[in-house]
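The block underneath contains the structure these notes are about, expressed in structure tokens.
The values are calculated or read from the model by the stated rules, or taken from the named source; none is laboratory data. Predicted model, so just to flag it, every value in this text is computed and none were measured. Glycine also receives a Cβ, built like all others from the backbone with ideal geometry; neighbour counts cover every protein chain displayed. For the accessible areas, the whole protein counts, side chains as well, though only heavy atoms, and no ligand, DNA or RNA atoms are used. Shrake-Rupley method; radii C 1.70, N 1.55, O 1.52, S 1.80 Å.
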Amino acid sequence: MPRVLAPILALAAVLVLPVPAVAGAASISVREVALRGERAPAASVDSGRFDLVGLHWRGPGTLELRTRSTAGRWTGWRRVEAESRDGPDAGSTEGRAGRGWRLGAAIWVGPSDRLEVRAIGRVLRARAFTVRSPVVRVPLRTVQLAGSPTVVPRSGWLADESIRRAPPQYASAIRMAYVHHTATANTYTREQAPAAVRAIQLYHVRGNGWNDIGYNALVDRFGTVYEGRYGGLERNVVGAHALGFNTGSFGVAVLGDFERTEPPQAALDSLARLLAWRLDLAHVDPLSTLNAISSGNERFPPGIPVFLRAVSGHRDTGATACPGERLYALLGEVAQQASLLGRPKLYAPAVTGKLGGLIRFTARLSGPVPWTVSVTDGLGLEVARGAGTGATIDWSWDSTFAAPGSYRWEIAGGPSLRGASGSLGGVVVLPPLAFTGAAADPETVTPNDDGQADETTVTYTLSAPATVAASVLGADGALLAELQPPTRRPAGESTVAFAPGQLPDGAYTVLLQARGADGTEASTSLTVLVTRTLGQVTLAPAAFSPNADGRGDRLELRFRLAAPALVKVRVLRDGRWVTTPLAGNRIAGPVVVRWDGAKRLGRIRDGAYTAVVEATDAIGTARVELPFGADTAKPVVSVLSREPLRVHVSEPARLVLRVNGNTVRFEARRAGAFRVPGVRRARVVRVVAWDAAGNASDPVRRPEAAGARQ
């Protein structure tokens, strides 16, 4: 069946982000994508000079794009893959930045000046990010860490350190590596490659809202390796490249699209060298397998163990084609090559047992070599040693008579083997117990059982694991309710809910108290306001059509005040003020606000809006937000056949049909083709479609009236 393309999307500029005053720095622009009718031609829109494109959208559909080079040549249409399958883990602060949007992958298109976008399926809203990243014609500076391949550091590709949003986070260990591709054109030059890396960083940070570039490293088609996310290539930096599986993994992306194109040998060789070094640093066998626990993504819910190879492709845990069919098919060979480079190697060193008993040291080697295990005390004096020759290490130390204190162990195998070391018997030093970032959302609660702000969620962060209790105090400090009994919580972010129930209006204190394993204590508090003044806020219709045709031009907002209040009603688009239909004091009772969008100075553009109602009384300000949409585009309906009667409609709509002299009503809950129930044969049919905003389609009649244009 041929694919039916949904409406073409044209771009309208709304925002250009500031350009850093650094030679060679990239700059980014974002434009809202406005839906057009299905019959509208593809709009070629001047987007300024750009080199990389990324799209964000809402809705179950997807997008396609094409670009025009500065030489005047258009590319073919290409599907945009959702980068939400990449990205930070869902529970992280970084992962909440793009919530609600599907984030398209960054696509390097080279010097271009026009962009076209079209939707496939249902797309509610879309944005286009274009990045200008000029080529800097200076030799790349490279470094070589201990045993590593030659790497271009962040300073070498001119990473913009000023845009990083947060310090790096580190995992306790690296257990595996993910290989990605960037779904980027394969025709970039050697000079353009670092510019592409700069553009990806800017898009990941300023476009997706991530802390930094998502990958730990990148490799171009010429075999050049680039340091990725800040924090140290040799350290266990948590990236944003494999949603649900970032912690404990090393993510490397090959610049290019390898779904149908073979990856260059230079890129494969550098990829193998990089993985050989990085996995050796973590003592991971590139040919091994493991069970990784998902922290949650669209494919694997939280807590699900997933069987993986130590060198896996992104598609192994994400619903994606990444790293492309051709590169994915070669990952076994890449892992095999990585396992042969830099031998001998030490794999999976482990220490079991406790000081004062038998302590066992185990590891595997890539081949038979002489090895030693040594244990030294706090003064550096050797207290135990084991030795042998072979491909397996298994030696135990009887520490029954060892003096209390800290000891250091080391597994060695000569100058060519990267050894492993660690400590025994030492005291783990935790950071001081403390609460940070305690906040309530919303800060004002309106518990009137209308489903709007009836309760709040208190979020806090612990510096160390502790037992936490939460309670509610009155204005006099008296205990009113226990929100959470003493419960063990890990370090990091946690939440607790507060539903006021029958508590009277007023200001209340939520008290959080923590006790650590060492007996240390910490506490923090915050104020939550309770007022029932504002309630039963409704908005109708959910979509309107402010085109001054007298139908569906107005919105009606209703709410009830339990007491006099200062009321403000505002309309926002993307968080920006559009208009204020009401501002002033109102007495207790019902309030009705009618807003005629067609009479506002300046046209209301189609898209998503938010109505914000705020009521301020003696206690505080209660706030309720309701979304709505503006839609002035007429639906398009067509009759596909009369026996049986089948129609097609461009969007969800209510259809009114006159069939053989009888009226038939039909509800199309989605765009697409439908068979009208109860009608076998339609000799004469006339159909009109009405969308949710009240827009009526042009009537369609079959057969057409005599004299009508064929």
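Of note:
- Å³ per residue enclosed by the Cα convex hull of the range 408-533: 139
- Helix 192-202 and the long axis of the chain differ in direction by around 70°, with both axes built from C-alpha atoms.
- Helix axis angle, 265-281 relative to the chain longest principal axis, alpha carbon, degrees: 60
- Solvent-accessible ranking of Thr446, Thr389, Thr495, Thr616, largest area first, probe 1.4 Å: Thr389, Thr495, Thr616, Thr446
- In whole percents, the pair-distance distribution calculated for the range 585-710 from its alpha-carbon pairs, binned every 10 Å from zero, is 11, 31, 22, 17, 12, 6, 2, 0.
- Here the dipole of the chain is about 3260 debye; that uses its Cα centre as origin and unit charges on the Cβ of Lys and Arg (positive) and Asp and Glu (negative).
- At the residue level, Lys634 shows approximately 100 square angstrom of accessible surface with a 1.4 angstrom probe and all protein chains present.
- Size of charge dipole - the range 219-277 - debye, nearest 20, with Cβ of Lys, Arg +1 and Asp, Glu -1, no other charges: 160
- Of the residues Ala402, Thr389, Leu424, the one whose Cα sits farthest towards the positive end of the charge dipole of the range 389-451 is Thr389 (charges of +1 on Lys and Arg Cβ, -1 on Asp and Glu Cβ, taken about the Cα centre).
- Taking amide H as placed 1.01 Å from N in the peptide plane, the amide H of Gly104 sits under 5 Å from that of Leu55, His56, Trp57, Glu83, each at least 5 places away or on another chain.
- Distance between the range 224-247 and the range 295-360 - C-alpha centres, whole angstrom: 15
- For the chain, with +1 on Lys and Arg beta carbons and -1 on Asp and Glu, the positive-most of Pro504, Leu63, Thr446 along the dipole: Leu63
- The computed semi-axes √(5λ) of the Cα gyration tensor in Å for the structure shown corresponds, within [x] 84, 27, 24; [y] 131, 41, 19; [z] 54, 38, 23, to [z].
- For the pair Val593 and Phe401, the difference between a 0.36 nm per residue extended length and the Cα-Cα distance amounts to 60.8 nm.
- The sum of -39500 (n - 2.57) across all DSSP H runs of n ≥ 4, divided by the residue count of the chain, sets its helix-only mean residue ellipticity at 222 nm to -2000 deg cm²/dmol.
- What a 1.4 Å probe finds exposed on the chain is 52% carbon and sulfur by accessible area, rounded to a whole percent.
- Centre separation in Å (Cα based) which lies between the range 115-131 and the range 653-701: 29
- For the range 299-458, accessible area per residue (1.4 Å probe, heavy atoms of protein chains only), Å²: 51
- Probing with 1.4 Å while keeping every protein chain in the model, the per residue accessible area of the range 562-697 equals 53 Å².
- Near Pro590: Cβ cut-off under 11 Å, other residues only, Lys/Arg at +1 and Asp/Glu at -1. The net charge is +3.
- Taking 0.36 nm per residue of separation and subtracting the current Cα-Cα distance, fully stretching the chain between Ala542 and Gln502 would add 11.2 nm.
- Cβ-Cβ FRET estimate between Ser523 and Ala319, R0 fixed at 35 Å, reported to 0.05: 0.20
- A full extension of the chain between Arg605 and Phe307 corresponds to an added length of 102.4 nm, given 0.36 nm per residue minus the alpha carbon distance.
- From largest to smallest, the equivalent ellipsoid semi-axes obtained for the range 274-377 from the alpha-carbon gyration tensor read 32, 21, 8 Å.
- Under 29 Å of direct C-alpha separation, and excluding same-chain neighbours fewer than eight residues apart, Lys599 reaches these lysines: Lys568, Lys634.
- Percent RCO, i.e. relative contact order, over the chain, from Cα pairs under 8 Å lying at least 6 residues apart: 7
- The trypsin sites (Lys or Arg not before Pro) of the range 236-341 meeting both criteria, a DSSP state outside H, G, I, E and B (loop) and at most 15 other C-beta atoms within 10 angstrom of the site's C-beta, are Arg260.
- Check: the range 609-710 dipole with +1 on Lys, Arg Cβ and -1 on Asp, Glu Cβ, in debye: 1080
- Between the alpha-carbon centres of the range 573-593 and the range 446-483 there is a gap of 30 Å.
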